[in-house]
Amino acid sequence: MEEKSFSGGVKAIEVERNKSISELLDKMAQTGFQGRKLAEVTEIYGNMLKEEKLCILLGYAGSLSTTGQWKIIRWLLENYYIDILVSTGANISEDMIEAMGFSYYKGSHMIDDLGMFGKGFNRYYDVFGKESDYMVMTEMIAEFILTLKSGTPYSSREFLYLFGKWLSKKNIKSIVAVAAENNIPIFCPAIIDSPYGDAMLIAKSKGFDLVLDNAKDYYEFMKLAEKIDKTGVVYIGGGVPKDFIQLFAVTADLLYTDRKIPGKDNKKERAGTSEPYHPHKYAIQITTDSPQWGGLSGCTFEEAVSWGKETPEGRFAQCYCDATIALPIISHALAEKGIKRHGMRLF
């Protein structure tokens, strides 16, 4: 008798000259280990893109834009494969160096770092960038800051939308610019921990008070729950972006005195409380973080079920892989499938 927990036989991959990336992933789905997980992640993302009235939130962590990944995120935005982007500050600033016409450089991680410091280079493992280019980018952010209203509280979403419009006029087609052009909100809850914080200091030296309001950020983000019925989440890495998005499933009700989100089905309640929860229907993650250390970045979606952040009735998968390997493969497979999506208009 066949074991019920089995889902079919493993099928060895045949090497074929003209096999496309999406076809290869279909074959990998019949194998094992992280190859199969990569195929599952791609399949689930494709299903998310086809589902009506599903809001897709993407968390973009670390400093991946320096490694040639930023145009993939830009492509996802241009094709409305993202409805809300939550990023680290590094990822949505360091991409501007290339967008401005500068470069990063390939090198070795086995190098004289003190010597590279003396030559004005910063190292990102095996990628190098000029400090002078970094400072041109930072000064440009400061130039934009000086166009705002001193002392006025901005959420990161407001700030980045205005910055994106400003960049677009300069034809600097960075992630922030393309998101603004397509009216896709970007939230950056830890924005000061990046060149944006450095640019704030430059503006401060000129007498300008930039106020970035984290509480306003959280309010704007959670208020969106009134407009969103179903959610699917995509995590490239973990960190603050993952935690911020995961909380969307369990925290928005705190905005309301009766703990009920207007226009939502608030019937699901935690035992011992009257608080409703609205778990993400789909969840995928590319990560190199492990769950046994207890950190959010490596937390499994099975563990997140205990919080109400994911639903066991939905679909989720995590692929333990370097994002610089997985993200290009996933995006090219989706491009081959040619899925058309219009996206949501949330602001």
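The values are calculated or read from the model by the stated rules, or taken from the named source; none is laboratory data. None of these values were measured; they are calculated from a predicted model. For neighbour counting, all protein chains shown are included, and Cβ atoms are generated from backbone atoms with ideal geometry for every residue, glycine included.
Some observations on this one:
- Filter result (closer than 28 Å to Gly107 by Cα and either in a helix (DSSP H, G or I) or without any contact (Cβ under 8 Å) to a residue 40 or more places away in the chain (or both)) within the stretch 62-92: Leu64, Ser65, Thr66, Thr67, Trp70, Lys71, Ile72, Ile73, Arg74, Trp75
- Residue that is farthest from Asn47 (Cα to Cα), among those in the stretch 208-229 that are in contact (Cβ under 8 Å) with a residue 12 or more places away in the chain and surrounded by fewer than 16 Cβ atoms within 10 Å (Cβ to Cβ): Asp209
- Some residue of the stretch 33-53 being of a type in the set (A, V, I, L, M, F, W, C), over 21 Å from the mean Cα position of the chain (by Cα) and part of a helix (DSSP H, G or I): yes
- Close pairs (6 angstrom Cβ cut-off, 6 or more residues apart or separate chains): modelled with pLDDT of 95 or more in the stretch 132-153, among the β-branched types (Val, Ile, Thr) and in a helix (DSSP H, G or I) anywhere: Asp133/Ile97; Met137/Ile97; Ala142/Ile202
Per-residue answers, yes or no, for (1) touching a Phe, Trp or Tyr at 6+ places or on another chain (Cβ under 8 Å); (2) over 22 Å from Trp75 (Cβ atoms); (3) at pLDDT 95 or above:
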residue	(1), (2), (3)
Phe163	yes, no, yes
Asn171	no, no, yes
Val176	yes, no, yes
Ala180	yes, no, yes
Pro185	yes, no, yes
Phe221	yes, yes, yes
Tyr235	no, no, yes
Pro241	yes, no, yes
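Condition check ((1) under 27 Å from Val240 (Cβ atoms); (2) crowded, with 23+ Cβ neighbours inside 10 Å; (3) of a type in the set (A, V, I, L, M)) across all residues:
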{"site": "Ser20", "(1), (2), (3)": "no, no, no"}
{"site": "Arg36", "(1), (2), (3)": "no, no, no"}
{"site": "Leu54", "(1), (2), (3)": "yes, no, yes"}
{"site": "Trp75", "(1), (2), (3)": "yes, no, no"}
{"site": "Asn79", "(1), (2), (3)": "yes, no, no"}
{"site": "Asp113", "(1), (2), (3)": "no, no, no"}
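- Here the stretch 130-162 is the region considered, the condition is being small (Gly, Ala, Ser) and in a helix (DSSP H, G or I), and the residue that is surrounded by the most Cβ atoms within 10 Å (Cβ to Cβ) is Ser156.
- Checked against the criterion of being of a type in the set (Val, Ile, Thr) and surrounded by fewer than 17 Cβ atoms within 10 Å (Cβ to Cβ), the candidates Thr31, Thr88, Thr42, Thr67 yield just one match: Thr31.
- Boolean, Gly59 is of a type outside the set (Ser, Thr, Tyr), at pLDDT 95 or above and either part of a helix (DSSP H, G or I) or at negative phi (or both): yes
- Pair list, Cβ < 6 Å and 6+ apart or interchain, from the stretch 304-322 residues that are in contact (Cβ under 8 Å) with a residue 60 or more places away in the chain to residues that are in a strand (DSSP E or B) and of a type in the set (Gly, Ala, Ser): Glu310/Ala283; Phe316/Ala283
- Of the residues making up the stretch 178-196, at least one is assigned to a helix (DSSP H, G or I), in contact with a strand residue (DSSP E or B) (Cβ under 9 Å, 6 or more places away or on another chain) and over 30 Å from Glu52 (Cα atoms).
- Consider the stretch 268-296 and keep the residues that are under 17 Å from Ile228 (Cβ atoms) and among the charged types (D, E, K, R). The one that is surrounded by the fewest Cβ atoms within 10 Å (Cβ to Cβ) is Lys268.
- Filter pass, Val233 being surrounded by 18 or more Cβ atoms within 10 Å (Cβ to Cβ), touching a residue at least 12 places away in the same chain (Cβ under 8 Å), assigned to a strand (DSSP E or B) and of a type in the set (Val, Ile, Thr): yes
- Exactly one residue out of Ile286, Ile339 is in contact (Cβ under 8 Å) with a residue 24 or more places away in the chain, β-branched (Val, Ile, Thr) and either more than 30 Å from Lys19 (Cα to Cα) or assigned to a loop (DSSP other than H, G, I, E, B) (or both): that is Ile339.
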